[in-house]
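Contents: one structure, followed by commentary.
Values in this text are rule-based calculations from the coordinates and carry no lab data. Just so it is clear, the model here is predicted, and its values are computed rather than measured. All Cβ positions, even for glycine, are placed from backbone atoms using ideal geometry, and neighbour counts span all protein chains on display.
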Amino acid sequence: MFLGLGLQAQKVYSVNSEYQADVKVVVVDAEYKADLLVYKVKSDYQAGQNDGKWFFTASEYQAKKKVFFVDSEYRADLKIYFVDAEYRAGWKNSGKKHLLY
């Protein structure tokens, strides 16, 4: 991973159209179904380095990746599950890491 990009890898922006998105994401209802366990951080400096700590930016230009939330697993590039503790965040399917670089 490029160090310069790594610090911003988890700053995401939720777009309104799948055609604007870099990655289509679905939120699954169980941890075992997820490719990535995501913890929402409160400020951009807490954003992780592709480790599941996401900061949702207010503006598209601030984000490293634009995500679009879909309602079906078959339409998604990435399945995520939101966790309630920072230490639980991380990849369960490391083969999908490239989606957020």
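Compute the whole-percent fraction of alpha carbon pairs in the chain spaced more than 19 Å apart. Before the final figure, lay out each step's value.
Working: 1778 of 5050 pairs.
Percentage above 19 Å: 35.
Helix-only mean residue ellipticity at 222 nm, the chain, DSSP H runs n ≥ 4 weighted -39,500 (n - 2.57), per residue, nearest 500. What is it?
Working: 1 runs with 4 residues, N = 101.
Value at 222 nm, helices only, nearest 500: -500 deg cm²/dmol.
Find out how many positive minus negative residues lie around Val26, taking Lys and Arg as positive, Asp and Glu as negative, among other residues whose Cβ is under 12 Å from that of Val26.
On the way: positive: Lys24, Lys33, Arg75, Lys79; negative: Glu18, Asp29, Asp35, Asp71, Glu73, Asp77.
Around Val26, the surrounding residues sum to -2.
Dipole of the chain, Cα-centred, from +1 at each Lys and Arg C-beta and -1 at each Asp and Glu C-beta, to the nearest 20 debye?
Numbers: 15 positive and 13 negative charges, 41 e Å.
My answer is approximately 200 debye.
Under the Karplus relation 6.51 cos²θ - 1.76 cosθ + 1.60, θ = phi - 60°, what is the ordered set of whole-Hz ³J(HN,Hα) values for the range 83-98, x standing for Gly and Pro?
10, 9, 9, 4, 5, 7, 5, x, 7, 9, 10, 5, x, 9, 3, 4
Report relative contact order for the chain in percent, whole number only (criteria: Cα-Cα under 8 Å, sequence separation at least 6). List each step's numbers first, then the result.
Values: 230 pairs, mean separation 42.6, N = 101.
Over the chain, the number comes to 42 percent.
I need Ser94, Ser43 ordered by Cβ neighbour count within 10 Å, fewest first.
With the sparsest Cβ surroundings first, the list reads Ser43, Ser94.
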